Amino acid sequence: MNVLVIGNGGREHAILQALKKSKRVEKLYCMKGNAGTAEIAENVDVDFMNIDAVLRFAKGNPQIDYYVVTPDDPLAIGLVDALEGIGKRCFGPNKAAAQIEASKAFAKQLMEKYGIPTAQSATFDNYGDALEYVRKVGAPIVLKADGLALGKGVLLCDSLKQAEEGLKEIMLDKAFGAAGNKIVIEEYMRGLKYTPGEEVSVLAFTDGKTIVPMITSCDHKRASDGDKGLNTGGMGTFSPCPFWTEELQGEVYEKIMLPTMNAMNAEGRTFKGCLYFGLMRTDKGMKVVEYNSRFGDPETQVVLPMLKTDLLDIFEAVTDGRLADIDIQWESGACVCVVLASGGYPLHYVKGKEITIGDIGDCTLIHAGTAIKDGKLVTNGGRVLDVVAKGADIEQARNKAYAAVKNIHWEGMQYRSDIGIKYRDR
């Protein structure tokens, strides 16, 4: 089969790496891709947010058998619906199902309606009403832009002043564009043993009838060590989660995963694809922080390297509604991903810095924001490269990853030095 993956970041490169292992894949394509995807796939220079352009390409390239749509934006505008409408087979949810990520207000209403545990919240589309509510409930409090904001539309406010400034930033200054036309204001959840909370990401394959969780992972959203600094798209991940147990797995499956799948079916929004559960362990049990309608980034970079089962087999089983027939197996051990970013990320940064790469041992280099310019590898985004290492445990994998990081350089390169330490004593 010939398979095309839509997207241009580290997640897409990681998915292509996993698909490359399949004996059934003949040729890989990536739209638009980056310098790393070009090494294993044919990059296609088409704007995947232009549905008409994608459909023209699809009609003109009948040799492509299967499409994997991974970023949130094209899912939210209905790219899967459009491709399926011209007879193309796809992995990814349709527009109606992708609403579970595209609107935080919808997700909160879904959880409240079907009794899925989450933080208490209120939703507003009027700045004055939102400000009055914030002043009434006080801080700490969480502000979330309703729409898609590249994973950055969440503000954790420790004081009332921060909350007031954040509300203005989202709703009036439009820091996240139209995503902030509506806002979700949540209680500030605290973890069982760790403040602000013990979070874990659980990605799951689902065909709307069966839901199968993948191995757990933990993200590091803040820009700087110690979970300080601005929110980012993710500065690193590790797998598995140290505090995850079979008991927690059972609780999450029965109280969150199955009810979510069933709720989406009941709403006429059957979800087929990868459903991401961002969870927190609290003194009142596991609760949902957020849903994503696709593979997480950079969670994918530590989850898929541990997959033993053919990824294309899983994708097709989801498409065909026969996921229950697939025995999904995982490697033992651990995996760590350290994100290398441009100086200034997540705010302003300069592209085009030449990258030099030395010995990285048996680590894997995943490209996120890279390009080839004048024959040289250069930076082309905020998050540039992901260094991925596997080991017998998190500590071994972490040591291997940071040893490799020391041999990668460009002007202004920044990264966190504490990936994999969080929850170590849990």
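Here is how the numbers come out for the structure above:
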quantity: Region 318-426: Rg to Rh, with Rh as the Kirkwood radius over Cα pairs; calculated: 1.09
quantity: Dipole magnitude of the chain, debye to nearest 20 (Cβ charges: Lys/Arg +1, Asp/Glu -1, about Cα centre); calculated: 300 debye
quantity: Derived scalar couplings ³J(HN,Hα) [region 337-343; Karplus, 6.51 cos²θ - 1.76 cosθ + 1.60; whole Hz; x for Gly, Pro]; calculated: 10, 10, 8, 9, 10, 6, x
quantity: Cβ crowding within 10 Å averaged over residues, with 198-208, 49-59, 413-423, 77-87 ranked highest first; calculated: 198-208, 413-423, 77-87, 49-59
quantity: Projected-area mean, the chain, by convex hull of Cα positions, square nanometres; calculated: 19.5 nm²
quantity: Dipole-positive endmost among Cys30, Thr282, Gln120 within the chain (Cβ charges, Cα centre); calculated: Cys30
quantity: Amide H partners (placed H, <5 Å) of Gly296, local residues excluded; calculated: none
quantity: Inter-part distance where region 71-108 and region 153-180 are each reduced to a Cα centre, Å; calculated: 27 Å
quantity: Length released on extending from Ala392 to Asn126, taking residue separation times 0.36 nm less the Cα-Cα span; calculated: 90.6 nm
quantity: Cross-link table Lys193/Lys287; Lys27/Lys95; Lys136/Lys168, entries beyond 21 Å C-alpha to C-alpha; calculated: Lys27/Lys95
quantity: Built amide H within the under 5 Å cut-off of Lys272, gap 5+; calculated: Asn94
quantity: Charge-dipole axis of the chain as Lys and Arg at +1 and Asp and Glu at -1 on Cβ define it, positive-most pick from Ser342, Phe176, Ser239; calculated: Ser342
quantity: Geometric extent, Cα atoms of region 148-264 - Rg, Dmax (angstrom); calculated: 16.7, 46
quantity: Residue order, fewest to most beta carbons within 10 Å, for Asp310, Asp47; calculated: Asp47, Asp310
quantity: Two-decimal log10 I(q)/I(0) for region 192-325, as the Debye equation yields it once each C-alpha is a single scatterer, q = 0.22 Å⁻¹; calculated: -1.43
quantity: Among Val154, Gly361, Leu230 the positive-end extreme of the charge dipole of the chain (Cβ point charges); calculated: Leu230
quantity: Between region 27-52 and region 288-353, the alpha-carbon center distance in angstrom; calculated: 18 Å
quantity: Extension gain from Met1 to Thr245, taking 0.36 nm per residue of separation minus the Cα-Cα distance; calculated: 84.0 nm
quantity: Total charge dipole magnitude, region 2-94, about the Cα centre, Cβ charges on Lys, Arg, Asp, Glu only, Debye to nearest 20; calculated: 440 debye
quantity: Expected 222 nm ellipticity per residue - DSSP helices of 4 or more, -39500 (n - 2.57), all of the chain, to 500; calculated: -7500 deg cm²/dmol
quantity: In nm, spacing of pseudo-spin labels at Thr309 and Asp158 (7 Å Cα→C-beta vector); calculated: 4.3 nm
quantity: Check: region 136-256 dipole with +1 on Lys, Arg Cβ and -1 on Asp, Glu Cβ, in debye; calculated: 380 debye
quantity: Computed lengthening from Ile372 to Leu230, 0.36 nm per intervening residue step minus Cα-Cα distance; calculated: 48.2 nm
quantity: Contact order normalised by residue count of the chain, Cα under 8 Å, 6+ apart, percent; calculated: 16 percent
quantity: Mean separation of Cα contacts under 8 Å, 6 or more apart, over the residue count of region 192-325: relative contact order %; calculated: 32 percent
quantity: Axial C-alpha extent at least 20 Å, average Kyte-Doolittle at least 1.0 - helices from the chain (DSSP); calculated: none
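Readers should treat all values here as calculations from the given coordinates under stated rules, not as data from a laboratory. What you see is a predicted model; the values in this text were computed from it and never measured. Every residue, glycine as well, gets a Cβ built from its backbone with ideal geometry; the counts of neighbours run over all protein chains shown.
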